[in-house]
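Novice: Got a structure for you, written out below as structure tokens; questions coming shortly.
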Amino acid sequence: MATIGIALALSFAGVASISDEMGINEAAFLKIDAASRPAAMGGAFVGVANDVNSVFWNPAGLTQMEKREMLAMYNSWFAGIHYASGAYAQPLGSNAAIGVSFIYLQSEIENRIDDTEEPDSVFNAYSYAVGLSGSYALIPEMFSLGGTVKTISQNFDVDDSSGMAADLGALFNIANLSLGASVQNIKLHTSVEEASLPVGIRVGGAYQFSEDSVISGEFSKQGAGDSTYHIGLEKWVRNILALRVGYCIGTGDNPKDGLSAGLGLRAYGTKPLEALSFQFDYAYVPDREGLGDTHRVSMMTRF
């Protein structure tokens, strides 16, 4: 019953179903979009990738940062499912950058043998991944490569598992056009030898109309699931307020089909902290299956 409870909780959250075999197999939590700004843009971010959010979409984009950046995001779903992510990244000279990141999903699962009002027991199920990222500009301001190595852990009551995976990314910029691609969750090692991970592929581009406006598009495929086409738009007003909207077109029964929207707010430090700035990001992603809309809230600091 505990195994069934976990599978239901995670699949209802829209992150794909869990395999009958426990362990690291599938690791569905890795399919969740781990940031607010990209989610508000419909997930079309692999070609944008110009801030610390790049560690979750395309690590090659870390070379586009000009300052150190720190990010924290939280998302509370129905049925007591909690999801959080965070990252820190900084430039190393003018052509390289490094970053660290984590994602965490947790829920209390009620175990019932019979149809009773009170559960027979309650246990804490959680999954997390911690990553180390690096990026290098082979051609400064034009072509960058990046990668992430991450450790993965899952705890499902009596079933524990762990593993390691890697992400690879590339970003090409020319004038106002950028093209990006990444491969995510490449299996390096799992505690269950026959286990698999949901390998993700992202390919897309972005066009910068001006310093404060960008439109982006992306194709993605997660694991053995259906493909999704993403489109996003971001517009900054006076470099203080950002308006974002996106749309996903999923093939087959892909649950990511639908509209998303969000906003961003920036605040700047005053003397002696004029080099410090803050950015609040919010994303609203409706759920077309009626299982629960998601509200992602994040805070970014640049310094």
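The values are calculated or read from the model by the stated rules, or taken from the named source; none is laboratory data. In this text, all values refer to a predicted model and were calculated from it rather than measured experimentally. So basically every Cβ, Gly included, is an ideal-geometry build from the backbone, and we count neighbours across all protein chains shown. Please note that ligands, DNA and RNA were not included when accessible areas were found on the heavy atoms of the full protein model with its side chains. Shrake-Rupley method; radii C 1.70, N 1.55, O 1.52, S 1.80 Å.
Novice: Given 0.36 nm per residue, what is the gain on full extension from LEU177 to SER94 after removing their alpha carbon distance, in nm?
Specialist: 27.8 nm
Novice: Using a 1.4 Å probe, what is the accessible area per residue for segment 46-112, in Å²?
Specialist: Accessible surface, normalised per residue, equals 36 Å².
Novice: Also: Rg/Rh for segment 128-239 to two decimals, with Rh computed the Kirkwood way over all alpha-carbon pairs.
Specialist: Radius of gyration over Kirkwood radius for segment 128-239 works out to 1.07.
Novice: A further question follows. Can you give me the solvent accessible area of LYS150 with a 1.4 Å probe, rounded to the nearest 10 Å²?
Specialist: 30 Å²
Novice: Measure off, as a whole percent, the carbon and sulfur share of the 1.4 Å-probe accessible area of segment 39-179, all protein chains present.
Specialist: Ligands and nucleic acids excluded, carbon and sulfur give 58 percent.
Novice: Highest mean first, how do 166-174, 54-62 rank when packing is the count of other Cβ atoms within 10 Å averaged over residues?
Specialist: Sorting 166-174, 54-62 by mean packing, highest first, produces 54-62, 166-174.
Novice: Please work out how much length the chain gains when fully extended from ILE201 to TYR268, using 0.36 nm per residue of separation minus the C-alpha to C-alpha distance, in nm with one decimal.
Specialist: 20.5 nm
Novice: Would you tell me the accessible area of VAL122, worked out with a 1.4 angstrom probe on the heavy atoms of the protein chains, in Å² to the nearest 10?
Specialist: 80 Å²
Novice: Sorted by mean Cβ packing within 10 Å, highest first, what order do the peptides 268-277, 31-40 take?
Specialist: In descending order of packing, they fall as 31-40, 268-277.
Novice: Using a 7 Å offset from the Cα along the Cα-to-Cβ direction at both ASP115 and ASN239, what is the distance between the two label points in nm, to one decimal?
Specialist: Here the answer is 6.3 nm between the modelled labels.
Novice: Same structure, new question: Tell me, what is the 1.4 Å probe accessible area of ASP226, in Å² to the nearest 10?
Specialist: Near enough 70 Å² of accessible area.
Novice: Could you report segment 182-299's accessible area per residue, 1.4 Å probe, as an integer in Å²?
Specialist: Heavy-atom accessible area per residue stands at 54 Å².
Novice: Amide H to amide H under 5 Å from PHE143: which residues, 5+ apart in sequence or cross-chain, H placed 1.01 Å off N in plane?
Specialist: LEU138, ASN173
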